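J.: After the structure tokens below, expect a handful of questions from me.
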Amino acid sequence: MPVRPEHRKTFPRGRIPETVLMFIRARGGAHAAVNAAFVYDPLADFYELPKKIRRLSTTEYYRGDVGPGFAWDSEVNSAVKELKKDGYVTSARRSGKSIWRLTQAGAERADFWLTRMTEKTSALGALKVTAELARPDPADEQKTG
């Protein structure tokens with residue numbers, strides 16, 4: 001579904017699927033499964049989305065004829081649909097609640113992303129940064145120039 005031009009950078013669309021995988025793996029317990037209703041807000045928190053953006057309606061966000069709801073929820077649902085198609089997630093309804101569960105391939109993919117993020121975080125923390133590496137602010141150069 002096409003996104004309105006003014007909202008093309010509203011959500012981190014390309015990163016949502018991997019974040020969903022990692023969230024389910026980290027919070028889904030031994031069965032790597034979560035109640036879908038409890039995923040949207042923590043992911044929005046992770047991306048530091050303001051309340052106003054979280055409550056952006058689908059009609060404000062997308063072009064064309066769309067159903068009711070919140071655009072953020074729709075983006076997460078689209079990511080899960082993509083993950084299902086790729087064989088990483090299954091969904092089931094229990095007592096009227098949607099449950100998202102990682103497949104074996106999904107668990108392996110989530111572990112890959114979790115390991116990669118941990119390694120990158122450690123690598124960034126280990127970098128030595130000296131004053132010589134800092135670039136001067138162009139505004140400061142103009143003042144002294």
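The values are calculated or read from the model by the stated rules, or taken from the named source; none is laboratory data. Everything quoted here is computed from the prediction, not taken from an experiment. Glycine gets a Cβ as well: all are built from the backbone with ideal geometry, and neighbour counts include every protein chain shown. Quick note on the areas: whole protein, heavy atoms, side chains included, nothing else; ligands and nucleic acids left out. Shrake-Rupley method; radii C 1.70, N 1.55, O 1.52, S 1.80 Å.
J.: Is there a residue in the stretch 3-20 that is in contact with a Gly (Cβ under 9 Å, 6 or more places away or on another chain) and either over 12 Å from A110 (Cα atoms) or assigned to a helix (DSSP H, G or I) (or both)? I'd like the intermediate steps shown before the answer.
T.: Going residue by residue through the stretch 3-20, those that are in contact with a Gly (Cβ under 9 Å, 6 or more places away or on another chain) are none.
No - not one qualifying residue is present in the stretch 3-20.
J.: Something else now. What do you reckon, is A71 at pLDDT 95 or above, under 17 Å from R8 (Cβ atoms) and in contact with a His (Cβ under 9 Å, 6 or more places away or on another chain)? Let's see the steps before the verdict.
T.: Values: at pLDDT 95 or above: yes; under 17 Å from R8 (Cβ atoms): yes; in contact with a His (Cβ under 9 Å, 6 or more places away or on another chain): yes.
Yes; evaluated as a whole, the condition is true for this residue.
J.: From the set of residues in the stretch 50-98 that are assigned to a helix (DSSP H, G or I) and β-branched (V, I, T), which is farthest from E18 (Cα to Cα)?
T.: Initial filter on the stretch 50-98 (assigned to a helix (DSSP H, G or I)): 51-54, 58-61, 71-85.
So of that shortlist, the ones also β-branched (V, I, T) come out as 53, 58-59, 76, 80.
Numbers: I53: 21, T58: 22, T59: 26, V76: 11, V80: 10 Å.
Among those that are assigned to a helix (DSSP H, G or I) and β-branched (V, I, T), it is T59.
J.: Which residues, counting only those in the stretch 8-39, are touching a strand residue (DSSP E or B) at 6+ places or on another chain (Cβ under 9 Å) and over 14 Å from S74 (Cα atoms)?
T.: If the condition is that a residue be touching a strand residue (DSSP E or B) at 6+ places or on another chain (Cβ under 9 Å) and over 14 Å from S74 (Cα atoms), then L21, F23, I24, R25, R27, G28, H31, A32, A33, V34, N35 are the ones that fit.
J.: Can you work out which of the residues in the stretch 33-71 that are open to solvent by 90 Å² or more (accessible area, probe 1.4 Å) and touching a residue at least 40 places away in the same chain (Cβ under 8 Å) is farthest from P5 (Cα to Cα)?
T.: E60
J.: Does K120 qualify as being more than 14 Å from P17 (Cα to Cα) and either open to solvent by 80 Å² or more (accessible area, probe 1.4 Å) or not in a helix (DSSP H, G or I) (or both)? Walk me through it before giving the result.
T.: On the way: more than 14 Å from P17 (Cα to Cα): yes; either open to solvent by 80 Å² or more (accessible area, probe 1.4 Å) or not in a helix (DSSP H, G or I) (or both): yes.
Yes; evaluated as a whole, the condition is true for this residue.
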